[in-house]
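**Student:** Quick one: structure below, then a few questions.
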Amino acid sequence: MPAYDNMPAMDLYQPVQVDDALALASRLAQRGWLVGGGQDTYGWLKDRAKRPEALIDLAGVEALRGVRETSDGIEIGALTTLTDVATSPLVRERYALLAEAAVAVASPQIRNSGTLGGNVAQDVRCWYYRRGLQCYRAGGNLCYADTPQAQNREHALFNASRCVAVTPSDTAPALVALEAQMVIASERGERVVPAERFFVGPAIDIENTTVLRPGEILTSVRIPAKWANSEFYFEKVADRKVWDFALVSIAGVMRMEGDNIADSRLVCGAVECVPRRLTNVEQAIRGRPRGQATADMVAGMASQGAKPLTHNHFKMPLMDNLVARALTA
Ligand SMILES: Cc1cc2nc3c(=O)[nH]c(=O)nc-3n(C[C@H](O)[C@H](O)[C@H](O)COP(=O)(O)OP(=O)(O)OC[C@H]3O[C@@H](n4cnc5c(N)ncnc54)[C@H](O)[C@@H]3O)c2cc1C
Ligand code: SF4
């Protein structure tokens, strides 16, 4: 008898009301798997690397879609597709940084179905883990990427703790830079977490990339008016211009007073398991003009303290150069 590799059977729930979605998330908890656009999820299922018993498809919950104005900025439903984020007039006019980050994700097809919630809640892209190897992140007791022979040019420079995988999300650094607030709901109520604390590294939780817990759903992302229409800079460096994850990215917001930078937030993606704020650079550039002299003054600061692996040293000058470009654009 030939052995057939069929997709394991799983239940599919398609709620249309937020309350029903929360009740299902609570009831199924660890056994269930939330699905936004499925662009991260279906890879896991096709590779048989994760086997949830039930999928909770949130795509029909209309209340979780769309961009609306609030008394202090905007609120984006977590089920809003990346295409809708990138093309929203409110986002483009006030927070062009996020529009640029959203349009940098993957390909048009993936952005048409991939959601903002799925983008920030997606798992790491380390190939050893994605292929189903039992590494630390999968509950095992070794890291396949942190060895001299490993393929680790995409991996972390900072704050690795057993796991050296990086945050793959293009929108995450932009949301941290914009001081976004993540709205998380469960049957017990709602909690609001700053984007900077939403993402967690392996020293805190090696099996999850965010503070989301079974039974919780990210319902929306609020972006305060504070940084609306600031000076923005976004750049993503990847091996390919499309359909590829960042090697390093930078998202920057700067508030100018005259010619000088009065305040800023600079955040790199793909260098740590969480978006990495460059607080030393932010402090050094305060009160200085945006330009080459300031860029020269902070040269090398972004990559200070990096602990490169065998094959990712190149990310250090890349980070430093992206800071220089953000300051001279
Ligand atoms: C070929 C390819 C290239 C890619 N390139 C990029 C890239 O360049 N940049 C990038 O950032 N990403 C990239 N991705 C990753 C991913 O597809 C996208 O980030 C997409 O935005 C994921 O969104 P989704 O809604 O489809 O996620 P889903 O697969 O639906 O969900 C992803 C994860 O988030 C959880 N989740 C989803 N919605 C919620 C919610 N509302 N509340 C709580 N948890 C939730 C799910 O349970 C799942 O664990 C790529 C993927 C592929 C397949
Ligand atoms: S880097 Fe993390 S995800 Fe990759 S093999 Fe090591 S422990 Fe697993």
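The values are calculated or read from the model by the stated rules, or taken from the named source; none is laboratory data. Bear in mind the structure is a predicted one, so any value in this text is a computation, not a measurement. We place every Cβ from the backbone using ideal geometry, glycine too, and count neighbours over all the protein chains shown. Note: areas computed on protein heavy atoms with side chains; ligands, DNA, RNA excluded. Shrake-Rupley method; radii C 1.70, N 1.55, O 1.52, S 1.80 Å.
**Student:** Given the options Arg213, Arg197, name the one that is within 25 Å of Asp57 (Cβ to Cβ) and out of contact with any helix residue (DSSP H, G or I) (no Cβ under 8 Å at 6 or more places or on another chain).
**Tutor:** Result of the check over Arg213, Arg197: Arg213.
**Student:** Let me ask something additional. Residue check, Ala54 against (1) surrounded by fewer than 18 Cβ atoms within 10 Å (Cβ to Cβ); (2) in contact (Cβ under 8 Å) with a residue 60 or more places away in the chain, all met but one. Which one?
**Tutor:** Unmet condition: (2).
**Student:** Based on this model, can you work out whether Ala96 counts as more than 16 Å from ligand 2 (Cβ to nearest atom), among the aliphatic types (A, V, I, L, M) and farther than 25 Å from Val211 by Cβ?
**Tutor:** Taking the combined requirement at face value, the residue satisfies it.
**Student:** Could I ask something else about it? Residues in the stretch 102-152 that are among the polar types (S, T, N, Q), open to solvent by less than 50 Å² (accessible area, probe 1.4 Å) and closer than 19 Å to Arg51 by Cβ: how many?
**Tutor:** Total satisfying the criteria: 1.
**Student:** Then there is this: What's the number of the only condition in (1) more than 10 Å from ligand 1 (Cβ to nearest atom); (2) more than 19 Å from the chain's Cα centre (by Cα); (3) surrounded by 14 or more Cβ atoms within 10 Å (Cβ to Cβ) that Val61 fails to meet?
**Tutor:** Going through the list (1) more than 10 Å from ligand 1 (Cβ to nearest atom); (2) more than 19 Å from the chain's Cα centre (by Cα); (3) surrounded by 14 or more Cβ atoms within 10 Å (Cβ to Cβ), Val61 breaks only (1).
**Student:** Consider only pairs whose beta carbons are under 9 Å apart and that are at least six residues apart or on different chains; among these, list those whose first residue lies in the stretch 294-321 and is on the phi > 0 side of the Ramachandran plot and at pLDDT 95 or above and whose second residue is part of a loop (DSSP other than H, G, I, E, B) and open to solvent by less than 50 Å² (accessible area, probe 1.4 Å).
**Tutor:** Cβ pairs passing all conditions: Gly305/Leu157; Gly305/Phe158.
**Student:** Name the residue, out of Leu24, Leu90, Leu79, that is open to solvent by less than 10 Å² (accessible area, probe 1.4 Å), on the phi < 0 side of the Ramachandran plot and not in a strand (DSSP E or B).
**Tutor:** Leu79
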